[in-house]
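Engineer: Below is a structure I'd like to ask you about.
Bear in mind these aren't lab numbers, they're just calculated from the coordinates by the rules spelled out. The model shown is predicted, which means the values in this text are computed figures rather than measured ones.
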């Protein structure tokens, strides 16, 4: 694999991990404020999934428009 490809994969993985950690911290903070265990419903999961797909589509469009 080329060096630039490895860098992109590593940076993408680190950004994804950082985003996941921040999301978990926000979820914990909200749970502590409300004094309730966080509950994620199926609807919440669908919202997150659609958001992630939208983000991936945006990234793919940006990468494709540079040609």
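Engineer: In degrees, nearest 10, range 0 to 90: what is the angle between the Cα axis of helix 3-34 and the longest Cα principal axis of the chain?
Structural biologist: The answer is roughly 10 degrees.
Engineer: Let me ask something else. Principal axis extents for the chain, Cα atoms only, whole Å, descending order, please.
Structural biologist: The Cα atoms of the chain stretch 49, 22, 16 Å along the principal axes, largest first.
Engineer: Could I ask something else about it? Do the sum for the chain: with -39,500 (n - 2.57) for every DSSP H run of n ≥ 4, divided by all residues, what is the mean residue ellipticity at 222 nm, to the nearest 500 deg cm²/dmol?
Structural biologist: Working: 2 runs with 56 residues, N = 67.
It comes out at -30000 deg cm²/dmol, rounded to the nearest 500.
Engineer: Using only Cα atoms, tell me the angle between helix 42-65 and the longest principal axis of the chain; keep it within 0 to 90° and round to the nearest 10.
Structural biologist: It works out to around 20 degrees.
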